[in-house]
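Notes follow once the structure below has been shown.
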Amino acid sequence: MLQPPPAEPGMREDEVDTPALILDLDAFEHNLDTMAGFLAGTNVKLRAHAKTHKSPVIAKLQMARGAIGQCCQKVGEAEVLAWGGIPDVMVTNQVVGARKLARLAALARITNISVCVDDPLQIAAIEQAAEDAGVRIPVMVEIDVGGKRCGVEAGPPAVALAEIIAASKHLSFLGIQAYHGSAQHIRDPEQRANAIGGAIDASRRTVEQLRQRGLDCPVVGGAGSGSFRHELASGIYTELQAGSYAFMDADYARNSEPPPFRHALFVLATVMSASSPHVSVVDAGHKAMPTDSGYPLIEGRPYVSYVGASDEHGKLTVEDPALRPRLGEKLRLIPGHCDPTVDRYDWYVGVRKGRVECLWPVAARGAMA
């Protein structure tokens, strides 16, 4: 159920009801501009990942700075983006099931929709959905570049799938998807570079073997907020799919050479109990943010540690009782993992210099299908 907004434009940030999803607009816009600056003057394009923000509003702000479109992981996310006016959407995932594929094919009438495969059976099913809908769907072959999740083996197995796509009546071969997700949070920069180097080599080898078979590969897509500079410099990637760069969560900040972006996304929380000299409790626990990537950091309070969560409570500790957050005080928490944090909220509360400037719906919240 859509919840009422926790704030109104013009309100002071300390008046916002909590827990609330705060977007610091100055930091957010800095991040968008910084990424645009990296790509300026290159032939590589940004296809920003909407699984992070789930918002056509944010998608349009990214496209205003040069992004060619959006990518996402679910048909439901693609629907929200397409209905919101985004003209080019790629589902960087496998879509299985006749009902989902019918929804995907229907989107081809209102946006440029594309999808990934790693199996001939998926190709046959997409072909049938496209035929039923009377549309043509571009398809990417996903290759496994080291993540050991989805993706066919690079080289000849990927080429074989591309040939099936190219020979079909209602599909077109768009390129290869080569995203190394598990490399994004490798802490050591040299080890991270080596992992991405393997992805680059696999992609280059596959593109060359496609060329030898007479198949053009217009798109090589991948990269994330932790590795994009390597793919950008590779000479083989044509599209970057970074998403978290817009918000910059605490886990990315734990990399020894973190991405060059500012923390822009916060969970605003209120101290609801301060009955112990060394402990304060905020109204933001597991339901307010996930802890799969560690506990949140406290903005501007390095001496305060978030040490435990239950459903509705977050436990904070300090060594010096004089520095303990006070009852009723509001704190900005930097979530460990921004994507699932966003999915817990109906609204972004856009704040600039301590005042609420805007409210944007998290339009694709809960789009799991």
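The values are calculated or read from the model by the stated rules, or taken from the named source; none is laboratory data. From a predicted model like this one, the values you see are computed outputs, not experimental measurements. Backbone-built Cβ (ideal geometry, glycine too); neighbour counts: all protein chains shown.
Residues of the stretch 225-238 being outside any helix (DSSP H, G or I) and buried (at least 24 other Cβ atoms within 10 Å of the Cβ), which ones?
If the condition is that a residue be outside any helix (DSSP H, G or I) and buried (at least 24 other Cβ atoms within 10 Å of the Cβ), then 225, 226, 227, 237 are the ones that fit.
Residue-by-condition table, conditions (1) among the β-branched types (Val, Ile, Thr); (2) surrounded by 17 or more Cβ atoms within 10 Å (Cβ to Cβ):
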| residue | (1), (2) |
| --- | --- |
| 39 | no, yes |
| 51 | no, yes |
| 92 | yes, yes |
| 97 | no, no |
> Looking at the stretch 251-269, is at least one residue surrounded by fewer than 21 Cβ atoms within 10 Å (Cβ to Cβ), part of a strand (DSSP E or B) and not assigned by TED's automatic domain parsing to the domain that holds residue 228?
Replying inline: no
>> Restricting to the stretch 175-187, count the residues that are in contact (Cβ under 8 Å) with a residue 40 or more places away in the chain and more than 19 Å from residue 157 (Cβ to Cβ).
In response: 6
>> Can you list residue pairs whose Cβ atoms sit under 9 Å apart, with the first residue in the stretch 188-202 being assigned to a loop (DSSP other than H, G, I, E, B) and the second being among the small types (Gly, Ala, Ser) and surrounded by fewer than 14 Cβ atoms within 10 Å (Cβ to Cβ)? Count only pairs 6 or more apart in sequence or on different chains.
In response: 188/256
> Could you list, in sequence order, the residues of the stretch 79-97 that are touching a helix residue (DSSP H, G or I) at 6+ places or on another chain (Cβ under 7 Å) and closer than 30 Å to residue 156 by Cα?
Replying inline: 89, 91, 94, 95, 96
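Per-residue answers, yes or no, for (1) out of contact with any His (no Cβ under 8 Å at 6 or more places or on another chain); (2) closer than 16 Å to residue 57 by Cβ; (3) in the same structural domain as residue 85 (by TED's automatic domain parsing):
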site: 316; (1), (2), (3): yes, no, no
site: 319; (1), (2), (3): no, no, no
site: 323; (1), (2), (3): yes, no, no
site: 338; (1), (2), (3): yes, no, no
site: 346; (1), (2), (3): yes, yes, no
site: 356; (1), (2), (3): yes, yes, no
> Which one of the conditions (1) within 17 Å of residue 363 (Cα to Cα); (2) in a loop (DSSP other than H, G, I, E, B) does residue 60 fail to meet, given that it meets all the rest?
Replying inline: (2)
> Only one residue in 103, 99, 109 is of a type in the set (Lys, Arg) and without any contact (Cβ under 8 Å) to a residue 12 or more places away in the chain, so which one is that?
Replying inline: 99
> Is the stretch 22-31 home to any residue that is part of a helix (DSSP H, G or I), of a type in the set (S, T, N, Q) and under 22 Å from residue 356 (Cα atoms)?
Replying inline: yes
> Residues 243, 314, 285: which one is small (Gly, Ala, Ser), crowded, with 16+ Cβ neighbours inside 10 Å, in contact (Cβ under 8 Å) with a residue 12 or more places away in the chain and within 30 Å of residue 176 (Cβ to Cβ)?
Replying inline: 243
>> I'm trying to understand the selection: among the residues of the stretch 35-67, which are farther than 20 Å from residue 221 by Cα and β-branched (Val, Ile, Thr)?
In response: 57, 58
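This table checks each residue for (1) within 18 Å of the chain's Cα centre (by Cα); (2) within 29 Å of residue 352 (Cα to Cα).
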site: 47; (1), (2): yes, yes
site: 69; (1), (2): yes, yes
site: 73; (1), (2): yes, no
site: 81; (1), (2): yes, yes
site: 88; (1), (2): yes, no
site: 107; (1), (2): no, no
>> For the stretch 74-151, give me every one of the strands (runs of 3 or more DSSP E) that falls completely inside it and has 3 or more residues that are of a type outside the set (A, V, I, L, M, F, W, C) and in the same structural domain as residue 50 (by TED's automatic domain parsing).
In response: 88-94
> Just checking, which of 155, 181, 198, 175 is assigned by TED's automatic domain parsing to the domain that holds residue 133 and in contact with a Cys (Cβ under 8 Å, 6 or more places away or on another chain)?
Replying inline: 175
> Can you find a residue in the stretch 130-145 that is surrounded by fewer than 22 Cβ atoms within 10 Å (Cβ to Cβ), of a type in the set (A, V, I, L, M) and closer than 26 Å to residue 202 by Cβ?
Replying inline: no
> Hey, does the stretch 5-14 have a residue that's of a type in the set (A, V, I, L, M, F, W, C), more than 30 Å from residue 121 (Cα to Cα), outside the structural domain of residue 355 (by TED's automatic domain parsing) and free of Cβ contacts under 8 Å to residues at least 12 places away in the same chain?
Replying inline: no
